Structures are given as structure tokens and as C-alpha cells.
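See below for the structure under consideration.
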Amino acid sequence: MKYIFIILIALTLFVSCERSINAEHSKITFKPYFDSAKALSYVKTQTSMGSRHYGSVAHKKVKAFIKEEIESFGYEALSHNFDAPYIKGRSGENIYAFLKGQSDKYIVIASHYDSRSIAEKDKDYSMRDKPIVGANDGASSTATLLELMRAVKKYENELPYSVAFVFFDLEDDGGMIDIEGSDSNILATDWIQGSIAFVSDNIIPKEKIYFGILLDMVGSPDAKFMFESYAHTKYSSLYDNVWRLAQKLGYGNYFHNSHYGFIVDDHTPFIENDIPFIDIIDMGYKYHHTQEDSYDKIDAKTLGAVGVLIEYVLTNPNGVY
Ligand SMILES: [Zn+2]
């Protein structure tokens, strides 16, 4: 995703929210099916394939792995094939699946599964042009989404809303080409190609989506999830309510009521189409886009906090938005 440091106005506007959200401490007890050890094993499976960047053998392998795994849970794995809107000559494949609930409106839960083909932030200059294994950036959220799918299949037909699970392709190779005339259109970007195409191809009709939650870099032991300011500006009650639930579930050490600023990520095309969508992202991850973003940096506890939170939201969505 692309990080833009411009949201000072929003930052000052929302400082006042912090006190009221922190005021509630009543705890929720919840017995989840989500298994954080299983989620961690999915990180291992992906990282052991190597870097899953566009065009690599591991990129093909991880696609097959995701499809096989979700079919084994009893879902139909669907594919959205697309041409990258802003990277000439590249085509991608978003993988998605549905779980039927009592309403035909969907809550969308998403992650990107590709990893980045360069490591521009690596301390070692000689390693900067090499692809990263992306244990946190790509594998952690994909693993959490997979384990979530296994866990919540048990609630089929019982959940208040249907669920759409989406694994986006071609998220993470941005910033490598100049996009002409991109200043006025935040979707004119070489990041987030899969989600731009998914929304513009209307794979899930807009009016069918209740809201969505994107997961990105959800595996660091000291993860700090803070608001993405554009989503928070448009959908603050959704964001605040999800954070409040996280804190009530006992995950207040990860979920903080403060802002990262404006981040272009896979939720942005949905917001641009007036579909409520928030991002659970750890933008402070210190190994971001370096060769050190490896399996040993991932903690099952953090994957568990995010997975259990989403399982809770899907089972108890009333009042979330
Ligand atoms: Zn990335």
C-alpha cells in the first residue's frame, strides 16, 4: 500500500474521540472457532514457498494453495481474472468465495496474497532490488483470512449477513512506474490493481455490500492497529465500533484510537465507490518492505486477536454499522 503523510487536519479533528472510546471497559467473553496456531501454520506454508511476487513460481503456487484450501473447507473457489488497470502487460487473479447467511447482503473480509518484488527499505542496498518473502506483508493477512474461512464455515446459514472473502492479487508492486495525471485521482496508481479491478468490474454489486474490513500486516508481536484516516473520516462509526469490540475482547494492546494518516490500500476503491470499508493495518511494522519481513517476525497471538475479532463481528454484526 501507499502511505501519504498529509492528514494533519483529520488528526487534530479526531483527537477528541479518544477519551469517549476508552471510557468503556466492560469485557466480552466469546468462545471462537478461530485457531491461531493454524493461522500461523498458514504463514509458514506461504513463506516456505518463497516470494509470491508477480510472475514468480511461488505466486502460481500460492494461488493453487488458496483455492485448494478453501475448497477443502467446503467453499466454491471463484476467480476474477483481470488486466491490471495501471500496469501495462500485467494480468492478475483475485480469488473469492461466499458463505451464505440469513441476509443476502455481504460483509466483505479481504487480504492481498501477492508479495512485493523489491525491498526498497532494506538497510542493505544490495538487497533492495530483490523480492521479499512478505511474512507479515501478504502472508499474515492471507493466513488469517484462510483460518477465518475454516472457522466460520461452521456458522453457515446462521450468520445474520452473508460473507464474501476476497484474496486480492497485484496489490504490492506499486511505486515502480510513473502514472501520468494521477494527482487528481487516487485510484490512478500502480498499487492495489486487484481491488481496483474487482470494484470496477462490479464482481459484488455495490448495493449488496453492507460493509467490508481489509486485513494488512496483522502478524507482528507488537502490532499497533490505528485508523486509516480516509476510511475513518468517511466511516468513523464503523471504525470506532470495530475498535471498541476489539478492546472489549481484550485486545486493547493492539487496537489504538489514533490515526496513521492517509493510506491507499485495497479498501480505497470501495470507499471511492461509497462502500463502507475499513483497514486493520499495522503501518508501523519495522520490517516493512525489507528482507527481514520473515516468518520469525510473526506471532500467533496477533493473528488470533484479529481473527477472533472478525469472527466476533461476523457473528454479532448488529450495531457495528
Ligand atoms: Zn507491501
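Per 0.36 nm of contour for each residue apart, how much would the distance between Glu76 and Ser91 grow if the chain were fully extended, relative to their Cα-Cα spacing? Each step should come with its number before you reach the end.
Numbers: separation 15, 0.36 × 15 = 5.40 nm, distance 2.23 nm.
Separation in residues times 0.36 nm, less the Cα-Cα distance, equals 3.2 nm.
Give me the net charge for the shell around Ser48: Cβ to Cβ below 13 angstrom, other residues only, Lys and Arg +1, Asp and Glu -1. Please list the in-between numbers first.
Details: positive: Lys44, Arg52, Lys61; negative: Asp296.
That sum, taken over residues with Cβ under 13 Å, equals +2.
Jot down the radius of gyration and Dmax of region 2-315, Cα atoms only, both in angstrom.
Taking only Cα atoms of region 2-315, I get Rg and Dmax of 18.1, 54 Å.
Run through the DSSP bridge list for the chain and note the antiparallel percent, rounded to the nearest 5.
Values: 14 of 35 bridges.
Within the chain, antiparallel bridges account for around 40 percent of the total.
Under a Cβ-only charge scheme (Lys and Arg +1, Asp and Glu -1), can you give me the dipole magnitude of region 79-212 about the Cα centre, in debye to the nearest 20?
It works out to roughly 540 debye.
What pairs in Lys67/Lys234; Lys63/Lys88; Lys61/Lys301; Lys154/Lys234; Lys27/Lys61; Lys44/Lys105 have C-alpha atoms more than 31 Å from each other?
Lys67/Lys234; Lys154/Lys234; Lys27/Lys61; Lys44/Lys105
Enumerate the residues in region 147-177 having an amide nitrogen under 15 Å from the point lying 7 Å beyond the Cα of Tyr321 toward its Cβ.
Under cut-off, by backbone N: 160-166.
For the charge dipole of the chain, defined by +1 on Lys and Arg C-beta atoms and -1 on Asp and Glu C-beta atoms about the Cα centroid, which residue among Leu249, Val320, Phe262 has the Cα displaced farthest towards the positive pole?
Looking along the dipole axis, the top candidate is Leu249.
Let me check against my output: what whole-number percent is the relative contact order of the chain, with C-alpha pairs under 8 Å and at least 6 apart?
Once divided by the residue count of the chain, the mean separation gives 28 percent.
Take the alpha carbon gyration tensor of region 164-321, find the square roots of its eigenvalues, order them as a ≥ b ≥ c, and report rounded if a/c is under 1.5; if not, report prolate when a/b exceeds b/c, else oblate.
Working: a/c = 1.74, a/b = 1.17, b/c = 1.49.
It is oblate, given that a/c is not under 1.5 and a/b is not larger than b/c.
All of the numbers you see were taken from the coordinates with simple rules; none came from a lab. Small disclaimer: the values here were computed from a predicted structure and weren't measured. In this analysis, Cβ positions are derived from the backbone assuming ideal geometry, glycine residues included, and neighbour counts consider all displayed protein chains.
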